[in-house]
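Visitor: Starting off with a structure, shown below.
Throughout, read-outs are computed from the coordinates displayed, never taken from laboratory work. Worth saying up front: this structure is predicted, and the values here are computed from it rather than measured. Cβ: placed from backbone, ideal geometry, glycine included. Neighbour counts: every protein chain shown.
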Amino acid sequence: MKQRTSMPRTGTCIVFSALLSFALVVPPRAAEKQGQQAAVEMHHPEAWQFRLPKGYPAKGREVYKKFECYSCHEVRGENFPAPEGDAVGPELSQMGPLHPVEYFTESIVNPSVLVEKRYRGPDGKSKMPSFNEDMTVQELIDLSAYLASLKPKEISRTATGEGKVVAVVADSQQVLLEHGEIKGFMGAMTMGYRVESPKLLQGLKPGDRVRFTINTDTSAIIQIVKE
C-alpha cells in the first residue's frame, strides 16, 4: 500500500488566519458602533449655533463709509453725511445692545428676513440693496462688529415711550411692542423687549395701548402701564 503524505494547505491557512485576525480585532458589534460614532461626529452638535469670528469695529466703520450705508441709515453721534431725503432704513445708534452680532450679519446678507412694512418696497422685500457680490467676508465680519458696538451716548438711565402691544411672550418674559420714537434713545419701530419682572406682563394683551419706561443700559422695560 502506498503511504499518503499529508501536505499543509498553505493558502487556506493564510486566508483563515486573516479572517480570524479581523474578527478578533474588529468584532461585528464594535464595527457597527464605530460606524455610528463616525456618523455622530460628522453631524453638528445638538447645541450648535452660528458664531462669527472676532471683528474690528474701527475697520467696520470704514466699511460702513466705503459702502455709503449712511445714505439710508443715520447713526447719531457720528459725522457721516446725512441721509438724502427721507431715510429708508432705521437709525442705528441704539442697536448694539438689542441684538447679537450675528443678527446684524443676517440683516446685511439677507435683509428681507426681518424687516418692518415701512422699509419694504412694492415687491414686499427690503429696500436695502444687496452687497453680497461686492463685500468680502472680512468686511462683513468687521461691519457686523461695528454695528454691534453702537450704543446711545450721553443719555439718561431711563427713557419713556408709548406704543401698542403686538404680542406677550410670558415664557421668555418678553413683550413685543410697536412704538413711536423714544426721544433721545430709539426711533419708532416694532421690537421685542425683556421685562425686568414677569408681573409687568400680567393683564397685557395684543392691541393694548401702553406707556412704558425702559432701562437704557439693559434695554429692559422696568415699568409698563395701560393707557
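Visitor: Mind checking the full-extension length gain between R194 and H43? Use 0.36 nm per residue of separation minus the Cα-Cα distance, one decimal, nm.
Guide: Here the segment from R194 to H43 would lengthen by 51.0 nm.
Visitor: Could you give the size of the charge dipole of the range 158-226 about its Cα centre, using +1 on the Cβ of each K and R and -1 on the Cβ of each D and E, expressed in debye and rounded to the nearest 20?
Guide: The calculated dipole for the range 158-226 is roughly 220 debye.
Visitor: Let me ask something else. Roughly how far apart, in whole Å, are the Cα centres of the range 54-93 and the range 127-156?
Guide: Taking the Cα centre of each part, the range 54-93 and the range 127-156 sit 8 Å apart.
Visitor: Continuing with this model, one more query. Each residue of the range 214-219 in turn: what ³J(HN,Hα) in whole Hz from Karplus with 6.51, -1.76, 1.60 and θ = phi - 60°, glycine and Pro shown as x?
Guide: Whole-Hz 3J(HN,Hα) from phi for the range 214-219: 10, 7, 6, 6, 9, 6.
Visitor: Then there is this: Expressed in nm to one decimal, what extension gain is obtained for the pair T218 and K125 from 0.36 nm per residue of sequence separation less their Cα-Cα distance?
Guide: In short, 30.4 nm is gained.
Visitor: Right, here's the next one. Just for the Cα atoms in the range 57-149, what are the lengths along the principal axes, largest first, rounded to whole Å?
Guide: That works out to 35, 27, 26 Å along the principal axes.
Visitor: While we're on this one: Given an 8 Å cut-off on Cα distances and at least 6 residues of separation, report the relative contact order of the range 77-227 as a percent.
Guide: Across the range 77-227, relative contact order equals 21 percent.
Visitor: When the Karplus curve 6.51 cos²θ - 1.76 cosθ + 1.60 is applied with θ = phi - 60°, which whole-Hz ³J(HN,Hα) does each residue of the range 64-81 get, with x for Gly and Pro?
Guide: 4, 5, 4, 8, 6, 4, 5, 5, 10, 10, 6, 10, 4, x, 9, 9, 6, x
Visitor: What number, in percent, do you get for the relative contact order of the range 57-149 if the mean sequence gap of Cα pairs under 8 Å and at least 6 apart is divided by its residue count?
Guide: 42 percent
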